[in-house]
Amino acid sequence: MADNNNCIIVIFGASGDLTKRKLMPALYALYRQKLLPDSFAILGTSRSPYSDNAFRKKIREDIVTYAGLKKSDQKLLEPFSKHLYYQAFDATQLKHYDDLKNRLSDIDSKLKIGGNYIYYLSTSPSLYSSIAKNLGKKRLQNEDNGASWKRIIIEKPFGRDLESAQKLNADLQRIFDEDQIYRIDHYLGKETVQDIFALRFSNGIFEPLWNRNYVDHVEITAAESIGVENRGGYYDHYGAMRDMIQNHLLQVLGTIAIEPPSFFNATSVRNETVKVFQSIRPIKPEDVEKYAVQGQYIESKIRGKKVLGYRQEKDVAPDSRTATYAAVKLYIDNWRWGDVPFYIRTGKCLPTRVSEVVIHFKKTPHHLFSQAELAHATPNQLIIRIQPDEGILLKLGMKKPGAGFDIKEVGMDFRYSELTDAYIPEAYERLILDCILGDATTPWRPAGSS
Ligand code: BG6
């Protein structure tokens, strides 16, 4: 990798869930694939006190646990962890940014990084603005007239509503130039979500069917079997709608409903995605009950194992009314999708973990077969399995061999796991790498960024 990609990745919130579950396993995977720069460091910061060595040990253990690594895949953990550093840090204390600056400068000179830093905000969203402001006050966002670069990565929830989202945007743009800001949505980094583009636009057979004439309805589901785990404090303020629907699932809807862009680049894809969002029919407050439902999980048993109810979870208010399940019916008012309902739903602590898109095609216009013959058939479905068991399934009706003319449902199934070289990179690998490369051409930077 070219020298000007050498960088220090500063993770704010390094003792949190996202860091241990996703960021560190993704960084280690990039390291194993030799995709990280020749010279790099990862500087973890959070309020918890760790020495560099204690942090390295913790992260090695986390990676083994959360990446589910086989023994043979653990060989590079030791050398990888030598790139890790830690700085105890309170994001609200301006003086701590002086310590951060000194630490960055020490690591930078030791490893000859050249001043390139990525700031990954993996903290509570309430800290996003103040971290950006404080970095600005200490001139840690400066790019030295192009001699080095600084980038900031922010994830959802991007504010709570339009007003707070606009304020956050303005706060960031006061400090950073637009091309320094990476607003990422990890669903767009998923191989299977990216593949929706390939499925739609590298195959000629789907596009003629991909509209209101042939599609009856579309379901987009992200069901999780886990509860809120240690994230009750964050989750209780946001709930299913803000945690999953307004970001991840709307982005998936965007890839399903988008018009073919003229070019496969960030601007074209973003512009077409924005048109989809602008065409979503607003739901009037008095109609919400007709279009949306929400719920909360209660104490129960899943596969024989007792699970806590949401209100009993750590850091959740005992009388919380935050939804852990939400479903909404949307219409996209344009020529392609007029009157086709899109059902979007997500929930935690559900019996199965599955994220998928199901395109339900219309029934045949004329019934050649009797109801009895069709008893085991359904209209065609195209199922895009985002996770787990990633793949694509087309359901068709076929004649059951033998006497009579019974129609049976069969599947044409493609599974990523059946590819001989089936390594499916985690979403965060792609997103972190794009940021290191400064790849603004990727379409997977969500709408709003350029
Ligand atoms: C995160 C949400 O953005 O996505 C979590 O905050 C959720 O609540 C997670 O569990 C789901 O991601 P994935 O990749 O496991 O489907």
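The values are calculated or read from the model by the stated rules, or taken from the named source; none is laboratory data. The structure displayed is predicted, hence computed values, not measured ones. All Cβ positions, glycine included, derive from the backbone under ideal geometry; neighbour counts span all protein chains shown. With ligands, DNA and RNA removed, areas are computed over all heavy atoms of the protein, side chains included. Shrake-Rupley method; radii C 1.70, N 1.55, O 1.52, S 1.80 Å.
Could you pull out the chymotrypsin sites (Phe, Trp or Tyr not before Pro) across the stretch 244-291 that fall in loop regions by DSSP (anything but H, G, I, E, B) with no more than 14 other Cβ atoms inside 10 Å? Sparse-neighbourhood loop chymotrypsin sites (Phe, Trp or Tyr not before Pro): Phe263, Phe264.
Accessible surface for the stretch 264-410, divided over its residues, is 61 Å² per residue with a 1.4 Å probe.
Give me log10 I(q)/I(0) at q = 0.06, 0.13 Å⁻¹ for the chain, Debye formula, one equal scatterer per alpha-carbon, no solvent. Values, matching the q order: -0.30, -1.32. With contacts taken as Cα pairs under 8 Å and at least 6 residues apart, the chain reaches a relative contact order of 17 percent. Pairs exceeding 21 Å between alpha-carbon atoms, taken from Lys348/Lys395; Lys58/Lys133; Lys275/Lys363; Lys167/Lys314; Lys22/Lys57; Lys34/Lys70: Lys348/Lys395; Lys58/Lys133; Lys275/Lys363; Lys167/Lys314.
Modelled spin labels at Tyr331 and Glu409, positioned 7 Å past Cα toward Cβ, are 2.7 nm from each other.
Using a 1.4 angstrom probe on the protein heavy atoms only, could you order Arg321, Arg430 from most to least accessible area?
Arg321, Arg430
Structure remark: mean-square fluctuation, Gaussian network model of the chain, C-alpha springs under 10 Å; the largest value among Glu61, Glu272, Glu390 belongs to Glu61. Working ranking of peptides 123-130, 106-113 by packing, defined as the average number of other Cβ atoms within 10 Å per residue, highest first, is 123-130, 106-113. Measuring how big the stretch 124-228 is from its alpha-carbon positions, Rg and Dmax come out at 19.7, 58 Å. When all protein chains stay in place and ligands, DNA and RNA are ignored, the 1.4 Å accessible-area order of Asp52, Asp434, largest first, is Asp52, Asp434. Give the shape of the stretch 75-196 as rounded, prolate or oblate, defined through the alpha-carbon gyration tensor: a ≥ b ≥ c are the square roots of its eigenvalues, a/c under 1.5 means rounded, and otherwise the shape is prolate if a/b is larger than b/c and oblate if not. It comes out oblate by the Cα gyration axes. The share of accessible area on the stretch 53-201 that comes from carbon and sulfur is 49 percent, using a 1.4 angstrom probe.
With the whole protein complex present, Lys137 retains an accessible surface near 130 Å², based on a 1.4 Å probe. Against the chain, whose longest principal axis is taken from its Cα atoms, helix 427-437 shows a tilt of about 50°.
Sequence-ordered 3J(HN,Hα) estimates for the stretch 375-387 from the Karplus curve with 6.51, -1.76 and 1.60 and θ = phi - 60° stand at 3, 10, 10, 10, x, 4, 10, 10, 10, 9, 8, 6, 5 Hz, glycine and proline given as x. Considering helices alone, the calculated mean residue ellipticity of the chain at 222 nm is -8500 deg cm²/dmol, with DSSP H runs of length four and up weighted by -39500 (n - 2.57) and normalised per residue. Between the Cα long axis of helix 266-279 and the first principal axis of the chain there is an angle of about 50°, rounded to the nearest 10.
Protein heavy-atom accessible surface, 1.4 Å probe, per residue over the stretch 151-248: 41 Å². Annotation: for a label point projected 7 angstrom from Cα along Cα→Cβ of Lys305, residues of the stretch 338-355 with backbone N closer than 13 Å are 349-353. In a reduced charge model with +1 at each Lys and Arg Cβ and -1 at each Asp and Glu Cβ, the stretch 42-110 shows a dipole moment near 260 debye about its Cα centre.
Once the Cα atoms are used to define both axes, helix 162-175 deviates from the longest principal axis of the chain by about 40 degrees.
For Ser268 and Ser109, what does the FRET efficiency come to when R0 = 56 Å and r is the distance between their Cβ atoms, rounded to the nearest 0.05? About 0.85, to the nearest 0.05. Rolling a 1.4 angstrom probe over the stretch 303-450 with all protein chains present gives an accessible area of which 57% lies on carbon and sulfur atoms.
The distance separating the Cα centre of the stretch 212-256 from that of the stretch 35-72 comes to 29 Å. Under the simplified labelling scheme, the Asp98-Asp339 pair shows an inter-label distance of 6.9 nm, with each label point 7 Å from Cα along Cα→Cβ.
Between amide H atoms placed 1.01 Å from N, distances below 5 Å from Lys150 occur with Tyr117, all of them 5 or more places distant or on a separate chain.
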